[in-house]
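Have a look at the structure below, then the notes.
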Amino acid sequence: MEAKKEKYRRIRGAILKLLAHQHPGPVDFKVLHFLLDDLRYTITEEELESHIVYLSGKAFVCRETRESTGVRIEMVTITPQGLDVLDGFTKDVGVDTRF
């Protein structure tokens, strides 16, 4: 079970790092999913959703739904608190950014 927890912590760290590259702009949820896959973090959309909910609950990311002509796009943005975790100013046991 510890290996699974460590994997989740690393995925959350990767999510924050990917979002930081676009800061202050957002990243499309589906694009984020593809980027994680490119890093060999192959997870389902449901698993990614779970990680985004976790990170949102800690105020490390925020979500926004954009809609135009019937198309809905879920956007995710790193917050200042999320950047603080990446920069080592804030420690969080649920996120591993040491890679």
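Values computed for the structure shown
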| read-out | value |
| --- | --- |
| Qualifying chymotrypsin sites (Phe, Trp or Tyr not before Pro) in segment 21-91, DSSP loop, other Cβ atoms within 10 Å at most 15 | Phe89 |
| Net +/- balance of residues flanking Asp28 in space, Cβ distance below 15 Å, scoring K and R +1, D and E -1 | -3 |
| Shape category assigned to segment 30-91 from the gyration tensor of Cα positions, a/c cut at 1.5 | oblate |
| Trypsin sites (Lys or Arg not before Pro) lying in DSSP loop within segment 1-97, provided at most 15 other Cβ fall within 10 Å | Arg40, Lys91 |
| Kyte-Doolittle at least -1.0, axis length at least 24 Å by Cα - qualifying DSSP helices, the chain | 2-22 |
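Bear in mind that the values in this text are calculations on the coordinates, not laboratory data. These numbers were taken from a predicted model, which means no experiment stands behind them. No Cβ is skipped: glycine too gets one built from the backbone with ideal geometry, and neighbour counts run over all protein chains shown.
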